[in-house]
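Just so it is clear, none of the values below were taken in a lab; they were calculated from the coordinates. Just so it is clear, the structure is predicted and the values come from calculations on it, not from any experiment. Counting neighbours? That spans all protein chains shown, and the Cβs are built from the backbone with ideal geometry, glycine included.
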Amino acid sequence: MRDTDADWKAIGAAEPFWGVITAPQFKRKNLDSDCLASFYACGVEHIVSVTSRLERAAAKPIHVSRALDFGCGTGRLSEAMTKYADEVIGFDISPNMLTEARRYSKGGVHYCDQIPDGKFGWINSFIVFQHVPPKRGLKLFEELLQKLDHGGFISLHFTIYRDLAADPPERFGEAPVSMLRKWAHAMLRKSAIGKAVRRIWWGSAPRGTMLMFDYDLNRICALCHRYGIEELTLVHTNHGGCHGVEVYGCSGA
């Protein structure tokens with residue numbers, strides 16, 4: 001199986017903020033105080049949207065004693081989550097991303113590379129599982145569900161399919177793919193040959209490649225139901241032709 005942890009350690013060492021949001025203003029060479037402010041501000045906007053959906057489903061304001069931001073990166077969402085939790089744990093496998101998260105933290109978040117024991121009243125993850133091979137990612141997802149407290153909330157994101165014209169995976173710093181490469185990738189994507197090529201690509205791509213993986217929505221829903229999340233809200237996402245869902249629910253609701 002592809003060691004995507006090693007990829008993200010390399011990305012985090014080279015471009016920790018761009019690795020979270022792949023926009024040119026978040027590259028090291030462009031990162032100034034205004035860019036940093038907008039980076040964390042968009043995290044606040046995202047969490048406001050997330051908590052609004054959770055509050056509508058729960059019919060009450062959201063505030064928990066303990067929350068987890070899985071794949072926190074440089075703390076874009078973790079910092080915003082402190083408004084809704086007494087304690088926030090930001091977990092990531094990239095040492096350099098965690099260093100940056102601690103550097104710009106306003107307090108209230110414990111950043112770590114190991115998820116601590118105990119239950120969480122809210123587990124959040126956004127644009128993270130899409131970079132983890134599903135065989136491993138579904139095991140991680142189940143482990144997170146086992147840590148969800150009764151009555152606890154989830155707000156998790158998964159990619160589930162892609163447009164034929166969506167860009168193939170790229171390394172950080174790589175120039176945009178050519179139209180010919182896009183066309184070839186589109187033609188191969190759903191064919192048996194294309195699937196074999198992707199398996200080879202995933203195994204042989206240079207270290208630091210930002211790979212994308214699609215999940216089976218049936219298996220995601222089945223795991224949620226197994227762990228007592230009977231009512232789910234699914235919200236469609238589309239990031240450059242990579243389609244996914246934000247999954248919202250409450251355990252024991």
Relative packing of peptides 119-125, 15-21, 143-149 - highest average C-beta neighbours within 10 Å first: 119-125, 15-21, 143-149
Phi-based couplings in Hz for the stretch 150-155 (Karplus 6.51, -1.76, 1.60; Gly and Pro marked x): 4, x, x, 10, 10, 9
Estimate the FRET efficiency between ALA58 and GLU230 by the formula 1/(1 + (r/R0)^6), using the beta-carbon distance for r and 22 Å for R0, to the nearest 0.05. 0.95
What is the order of VAL64, VAL109, VAL44, fewest Cβ neighbours within 10 Å to most? VAL44, VAL64, VAL109
Entries of LYS27/LYS135; LYS83/LYS106; LYS27/LYS139 with Cα pairs more than 21 Å apart: LYS27/LYS135; LYS27/LYS139
For the pair LEU31 and TYR104, the simple spin-label estimate (label points 7 Å beyond Cα toward Cβ) gives in nm 0.7
